[in-house]
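Please read the structure below before turning to the comments.
The values are calculated or read from the model by the stated rules, or taken from the named source; none is laboratory data. Just so it is clear, the structure is predicted and the values come from calculations on it, not from any experiment. Note that we place each Cβ from the backbone using ideal geometry, even for glycine, and neighbour counts take in every protein chain shown. Keep in mind that these areas ignore ligands, DNA and RNA; they rest on the heavy atoms of the full protein, side chains included. Shrake-Rupley method; radii C 1.70, N 1.55, O 1.52, S 1.80 Å.
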Amino acid sequence: MFSIKTKPAFDRHFKKLPWVIQEKVKRRSEIFASNPFDQRLKTHKLHGERKEEWAYSVDYSYRITFVFVGEKEVLYTDIGTHDDLY
């Protein structure tokens, strides 16, 4: 099981999301904590300026970006739509 921590930017953006999306994030985070590369998440490595980060899908529009900071620890860096994040 992975431990998930969050950056302040993630927390700020999460609070502004609609309640329905917040609930989806909670369900997806449970899946992610068990297996970050579960096929339902579509986890992928980012490129360019964010090449140290990864992202996964909450739904068709929303993504969570993150970095691995340890063997079983992850830091969520941000959340938003594809246009917001990239």
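Worth a mention:
- Failed item in (1) open to solvent by 40 Å² or more (accessible area, probe 1.4 Å); (2) at pLDDT 95 or above, with residue 86 passing the rest: (2)
- Residues of region 11-31 classified as among the charged types (D, E, K, R) and either in contact with a Lys or Arg (Cβ under 9 Å, 6 or more places away or on another chain) or open to solvent by less than 70 Å² (accessible area, probe 1.4 Å) (or both), total: 4
- Of the residues making up region 32-66, those that are open to solvent by 10 Å² or more (accessible area, probe 1.4 Å), within 17 Å of residue 14 (Cα to Cα) and either in contact with a helix residue (DSSP H, G or I) (Cβ under 9 Å, 6 or more places away or on another chain) or modelled with pLDDT of 95 or more (or both) number 5.
- Residue satisfying all of: in region 73-83; open to solvent by 40 Å² or more (accessible area, probe 1.4 Å) and at pLDDT below 95; nearest to residue 4 (Cα to Cα) among these: 82
- Residue, nearest to residue 67 (Cα to Cα), within region 1-37, restricted to residues that are in contact (Cβ under 8 Å) with a residue 60 or more places away in the chain and among the hydroxyl-bearing types (Ser, Thr, Tyr): 6
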